[in-house]
Structures are given as structure tokens and as C-alpha cells.
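Novice: I am attaching a structure below and will ask some questions about it afterwards.
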Amino acid sequence: MRYRRAYQDGGCYFFTVVTARRRAFLTEPSSIAALRDAFRRVRSRYPFTIDAVVILPDHLHCVWTLPADDADFSLRWRLIKTAFSKRAGIALPCWQPRFWEHQIRDATDYAHHLDYIHYNPVRHGYVERVADWPHSSFGRCVQAGLYPPDWGIVAPALPVDIGRE
């Protein structure tokens, strides 16, 4: 099957990346370290900004902004998955072969996807409060003034078509 991807230089994208067979290993300390290392290595060679991220046991979501002269998020994901797989020491395959992306359309779409990312651990029942999930950019977003510290006590109103898992 051929996938049509919306590549745009300097684009902003929401991604969902899922482990193979939904195995739940991403939040183990060694996996978190391997993911951080993989992201750091790839970003040093192929820069991008991680606007928001959440790591759950069997999948992750993030929003990236690419450099103004670059649109190749597929290369970055391939390199991140490969680097993680080499370092993590987890039986292969680690990842589903593909990933899901959505090009962020405007400021409202951006805000909805950040809300979706940060509320995801509560939605899946891992924590009762967004601030209690350690594998998320929520704390960084609070420090940046994007959220109050107690955000997410009430589920955010989101479009029904947001997110893929």
C-alpha cells in the first residue's frame, strides 16, 4: 500500500507511534533512556523541535515543528526507531512498521493536539491527574505558561477525530 504523506518544509505535525503487537515496554526506565538518547542523536543531525510529547507503555504521541527548509519527518522517525531498537535491548520487532501523522492546520488544531497529548495518560487510566504522569512534556508546558498546574482536572473538549492509537 502506498501512503500519501503531507510533507511541508517547516511544517508542524502530530504523530502517533505504536510498539509492535502493542507490547508495553516504553515506560520502563531503560526504554525511556533509550528513547531520550535516540531523539537526542537524531535531533543533533536532523534538527526539529519537540513541542509536546507523551510516552505511554505501548505508544507515544508528539508534536514536532520541522526546520523552515526541511520536511523529512519520515527519515527522522526511521532513525529514531532504529536507534531505539539498537540500544533498548528489546526483542525485535520493537515498533509497528509505520506511524500516523497529522499536519497541524492552525492554532486551534495545535492547541487541541497538545491537549490530547497531555490528557492521554488520564484517558488511558494510568493517572488521575495530568501532572502526575512523569513521561510527558506537561511540566515543561506549565513552566512556559501554556497550562495552569492543575489543568486536566476536567477532560478537555476535543474534536472526535483527534488522535490515533
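Novice: Tell me, which helices (runs of 4 or more DSSP H) lie completely within the stretch 71-165 with 2 or more residues that are of a type in the set (Lys, Arg) and exposed (fewer than 15 other Cβ atoms within 10 Å of the Cβ)?
Specialist: 73-88
Novice: Is one or more of the residues making up the stretch 51-66 among the acidic types (Asp, Glu), part of a helix (DSSP H, G or I) and more than 21 Å from GLY11 (Cβ to Cβ)?
Specialist: no
Novice: Just to be sure I understand, how many residues within the stretch 14-50 are in a helix (DSSP H, G or I), of a type in the set (S, T, N, Q) and buried (at least 18 other Cβ atoms within 10 Å of the Cβ)?
Specialist: 1
Novice: Continuing with this model, one more query. Looking only at the stretch 1-13, which residues are surrounded by fewer than 11 Cβ atoms within 10 Å (Cβ to Cβ) and among the aromatic types (Phe, Trp, Tyr)?
Specialist: TYR3, the sole residue that qualifies.
Rule-based calculations on the coordinates, nothing more; no lab input. Computed from a predicted model, the values in this text were never measured in an experiment. Cβ atoms come from the backbone with ideal geometry, glycine included; neighbour counts cover every protein chain shown.
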